[in-house]
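J.: Pasting a structure below so you can have a look.
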Amino acid sequence: QVQLVESGGGLVQAGGSLRLSCAGSGTVFSFAAMGWYRQAPGKQRELVADITGRGSTNYADSVKGRFTISRGNAKNAVNLQMNSLKPEDTAVYYCRALLAGIDYWGKGTLVTVSS
């Protein structure tokens, strides 16, 4: 059973940094793509950034130049370095992975940015 576990969320002041990590388990195959999504209270879940197996990346306009997604050293791991955080970045951040056409999601980690 594929599982994704996020870590690294927390409370930070505006302008600060956090690093999120996601570790996948339960498969011998490599995920075709991994990414980070977020959902703020009262809003829909939205893409933050994703990365393919070949390393191609894609970012939401709102985080370009501030966030960096990268594959972890372990197989099926992904990180999100978040710099210059803003209060509007406050949300639950979810890790997503794609394998054989199926989406898998983590349970999420809360990021709170205080002004």
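The values are calculated or read from the model by the stated rules, or taken from the named source; none is laboratory data. Please read these numbers as outputs of a predicted model, since none were measured by experiment. Here the Cβ positions follow ideal geometry from the backbone for every residue, glycine too, while neighbour counts run over all protein chains shown. Accessible surface areas use protein heavy atoms only, side chains included; no ligands, DNA or RNA. Shrake-Rupley method; radii C 1.70, N 1.55, O 1.52, S 1.80 Å.
J.: So which residues in segment 12-23 are under 16 Å from the mean Cα position of the chain (by Cα) and more than 30 Å from Ile102 (Cβ to Cβ), if there are any at all?
T.: Ser17
J.: Counting only residues that are outside any loop (DSSP other than H, G, I, E, B) and at positive phi, how many does segment 50-63 have?
T.: Keep residues of segment 50-63 that are outside any loop (DSSP other than H, G, I, E, B), which gives 50-52, 57-59, 61-63.
Subsequent filtering for residues that are at positive phi retains none.
Result for segment 50-63: 0.
J.: Could you list, in sequence order, all residues of segment 24-70 that are of a type in the set (A, V, I, L, M), crowded, with 17+ Cβ neighbours inside 10 Å and under 11 Å from the mean Cα position of the chain (by Cα)? Let's see the steps before the verdict.
T.: To start, the set of residues in segment 24-70 that are of a type in the set (A, V, I, L, M) comprises 28, 32-34, 40, 47-49, 51, 60, 63, 69.
Now restrict to residues that are crowded, with 17+ Cβ neighbours inside 10 Å: 33-34, 48-49, 51, 63, 69.
Residues satisfying the conditions are Met34, Val48, Ala49, Ile51, Ile69.
J.: Here's another thing I want to ask about it. So, in segment 32-66, of the ones that are touching a helix residue (DSSP H, G or I) at 6+ places or on another chain (Cβ under 9 Å) and free of Cβ contacts under 8 Å to residues at least 24 places away in the same chain, which residue ends up farthest from Val113 (Cα to Cα)?
T.: Glu46
J.: Given the residues Ala40, Ala77, Ala33, Ala14, which is the only one that is closer than 15 Å to Trp105 by Cβ and in contact with a Ser or Thr (Cβ under 8 Å, 6 or more places away or on another chain)? First the steps, then the outcome.
T.: Numbers: Ala40 fails: closer than 15 Å to Trp105 by Cβ; Ala77 fails: closer than 15 Å to Trp105 by Cβ; Ala14 fails: closer than 15 Å to Trp105 by Cβ.
Selected residue: Ala33, the only one of Ala40, Ala77, Ala33, Ala14 that is closer than 15 Å to Trp105 by Cβ and in contact with a Ser or Thr (Cβ under 8 Å, 6 or more places away or on another chain).
J.: Can you give me the number of residues within segment 53-74 that are of a type outside the set (A, V, I, L, M, F, W, C), in contact with a strand residue (DSSP E or B) (Cβ under 8 Å, 6 or more places away or on another chain) and modelled with pLDDT under 95? Outline the logic, then answer.
T.: If we filter segment 53-74 for residues that are of a type outside the set (A, V, I, L, M, F, W, C), which is where we start, we get 53-59, 61-62, 64-66, 68, 70-73.
Going one step further and asking which of them are in contact with a strand residue (DSSP E or B) (Cβ under 8 Å, 6 or more places away or on another chain), we end up with 53, 55, 57-59, 66, 68, 70-72.
Okay, now just the ones that are also modelled with pLDDT under 95, so 53, 55, 71-72.
Selection size over segment 53-74: 4.
J.: How many of the residues making up segment 75-115 are over 14 Å from the mean Cα position of the chain (by Cα), open to solvent by less than 60 Å² (accessible area, probe 1.4 Å) and over 17 Å from Leu47 (Cα atoms)?
T.: Residues meeting the conditions: 5.
J.: Can you pull out the residues in segment 35-58 that are of a type in the set (Asp, Glu) and within 18 Å of Ala74 (Cα to Cα)? So that I can check it myself, show each step before the final result.
T.: So in segment 35-58, the residues of a type in the set (Asp, Glu) come out as 46, 50.
Within segment 35-58, just Asp50 meets the criteria.
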